[in-house]
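The values are calculated or read from the model by the stated rules, or taken from the named source; none is laboratory data. Since this is a predicted model, take the numbers as computed values, not measurements. Here the Cβ positions follow ideal geometry from the backbone for every residue, glycine too, while neighbour counts run over all protein chains shown. When the accessible area is computed, the model is the full protein with side chains, heavy atoms only, and any ligands, DNA or RNA have been set aside. Shrake-Rupley method; radii C 1.70, N 1.55, O 1.52, S 1.80 Å.
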Amino acid sequence: MANKVLIIYTGGTIGMTNRGNGYVPDQEFFQKELEVMPDLHSEGMPEWDLYQFANLLDSSDMTVEGWNQMGQVIYEHYDDYDGFVILHGTDTMAYSASALSFMLENLNKPVIFTGSQIPLCEIRSDGRDNLITAMLIAASKRVKEVAIYFGHELLRGNRAIKYSADGLIAFVSPNYPILAKAGIAIEYNEAYLAKGSEKKLNYRPFEKLPIAVIKVFPGIQFDIFETMMTSSLKGIVIETFGAGNIPAKGNELLPIIKKAFSSGTIVIVCSQCPQGSVSLGAYGASQKLKEAGAVSGIDITTEAAVAKLYYLFSKGLSRDDIKTLMGLNLRGEMKNSEGVL
């Protein structure tokens, strides 16, 4: 029996049409396009079904509810398919891929995100190759994690970032090797693929939680953010310079972080540099962040840090446990504390 894949269309450029006021998702067009695409019905392609969101989204409108809907669909149909392809807009694809990598506990099947920079309705659309190859990867049973396939490369979902707004290579994985390269053949980088789990899949929906991201910049006035630091704020991701540095005047930030920490807020430090790691204490400018209670995100992306905060708080863990786990590798999203990928 041929392997079977469920295509989940959430919206995004790949299925958009131009109605005169810009590109918007078009449910009817997309379904018809798949029905007449010859390659999808060729020998060697897996069997497939299509599930479409009732309300298709431009990915800039993706929310926690959208993440939960994707996770719920996969959980409910997990035993019916060999793999899943999620068609998603590129703007927030890395956030969604990170979210599903956490909420789908004990995943042992491929969940492949893809999309396009040019809609299928256009002649030069990159969506056809992205969709077809993503389906072949999802049916192969070689991948047992959440990944992004785009521009001939397969990337770990919680390691990817959007790199280009208009290039056909839209995503990169700056701190983790690519999982596969699609040329004449699809060549898998077996050493870096997740091993999967033999345990039963568990779906952990996310709660709607107040989480903030602060990007440090020259001349930043930290006192502006003090009003944010209330007991209702669950987590903050701070994008610092380099290996975790803040301006010399960052001493103004430290009482704010201490206030946040005492209120139960988890503060995680990421780097603005796409490549490299945060090392709190390596420089004097970062040592005080550590002393104030901030957690080093090591080489985690901001996208994955946000998703991880949602996940851990949604599990109902204690603050101390969440702080500990934010600094540990759970899904291949960051190096181990020993520096191992």
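Does segment 232-285 hold any residues that are of a type in the set (Gly, Ala, Ser) and under 27 Å from the mean Cα position of the chain (by Cα), and which are they?
Of the residues in segment 232-285, the ones of a type in the set (Gly, Ala, Ser) are 232, 235, 242-244, 248, 250, 260, 262-264, 271, 276-277, 279, 281-282, 284-285.
Across segment 232-285, the qualifying residues are SER232, GLY235, GLY242, ALA243, GLY244, ALA260, GLY264, SER271, GLY276, SER277, SER279.
From the list LYS199, LYS259, LYS181, which residue is of a type in the set (Lys, Arg) and assigned to a strand (DSSP E or B)? Steps first, please.
Numbers: LYS199 fails: assigned to a strand (DSSP E or B); LYS259 fails: assigned to a strand (DSSP E or B).
One residue alone meets the criteria, LYS181.
Within the bounds of segment 214-223, is there any residue that is assigned to a loop (DSSP other than H, G, I, E, B), free of Cβ contacts under 8 Å to residues at least 24 places away in the same chain and under 17 Å from ALA305 (Cα atoms)?
no
Restricting segment 69-106 to residues that are without any contact (Cβ under 8 Å) to a residue 40 or more places away in the chain and not polar (S, T, N, Q), which is surrounded by the fewest Cβ atoms within 10 Å (Cβ to Cβ)?
Among residues in segment 69-106 that are without any contact (Cβ under 8 Å) to a residue 40 or more places away in the chain and not polar (S, T, N, Q), the one surrounded by the fewest Cβ atoms within 10 Å (Cβ to Cβ) is ASP79.
Going by the conditions given, is GLU28 surrounded by fewer than 17 Cβ atoms within 10 Å (Cβ to Cβ), at pLDDT below 85 and part of a helix (DSSP H, G or I)? Don't jump to the end; show me each part of the working.
On the way: surrounded by fewer than 17 Cβ atoms within 10 Å (Cβ to Cβ): yes; at pLDDT below 85: yes; part of a helix (DSSP H, G or I): yes.
Taking the combined requirement at face value, the residue satisfies it.
Find the residue count for segment 31-69, including only residues that are of a type in the set (Val, Ile, Thr), in a helix (DSSP H, G or I) and at pLDDT 95 or above.
The first filter runs over segment 31-69 and keeps only residues of a type in the set (Val, Ile, Thr), leaving 36, 63-64.
Restricting the remaining residues to those that are in a helix (DSSP H, G or I) gives 36, 64.
Narrowing the set further to residues that are at pLDDT 95 or above leaves 64.
So the count comes out to 1.
Only one residue in GLY15, GLY22 is under 21 Å from the mean Cα position of the chain (by Cα), closer than 26 Å to PHE171 by Cα and open to solvent by less than 40 Å² (accessible area, probe 1.4 Å), so which one is that? Explain how you work it out, then say what you get.
Numbers: GLY22 fails: under 21 Å from the mean Cα position of the chain (by Cα).
Checking each option against the conditions leaves just GLY15.
Could you list all residues from segment 151-187 that are open to solvent by less than 10 Å² (accessible area, probe 1.4 Å), touching a residue at least 40 places away in the same chain (Cβ under 8 Å) and under 16 Å from the mean Cα position of the chain (by Cα)?
Result: LEU154, GLY157, ASN158, ARG159, ALA160, ALA170, PHE171.
Can you name the residue in segment 311-339 that is touching a helix residue (DSSP H, G or I) at 6+ places or on another chain (Cβ under 7 Å) and assigned to a helix (DSSP H, G or I) and, of all such residues, is surrounded by the most Cβ atoms within 10 Å (Cβ to Cβ)?
In this case the residue turns out to be TYR311.
Conditions first: (1) open to solvent by 30 Å² or more (accessible area, probe 1.4 Å); (2) part of a strand (DSSP E or B). GLU122 passes all but one, so which condition is the exception?
Condition not satisfied by GLU122: (2).
Kindly indicate whether ASP58 is of a type in the set (Asp, Glu), within 24 Å of GLU207 (Cα to Cα) and either buried (at least 17 other Cβ atoms within 10 Å of the Cβ) or over 19 Å from the mean Cα position of the chain (by Cα) (or both).
Working: of a type in the set (Asp, Glu): yes; within 24 Å of GLU207 (Cα to Cα): yes; either buried (at least 17 other Cβ atoms within 10 Å of the Cβ) or over 19 Å from the mean Cα position of the chain (by Cα) (or both): yes.
It is true that ASP58 is of a type in the set (Asp, Glu), within 24 Å of GLU207 (Cα to Cα) and either buried (at least 17 other Cβ atoms within 10 Å of the Cβ) or over 19 Å from the mean Cα position of the chain (by Cα) (or both).
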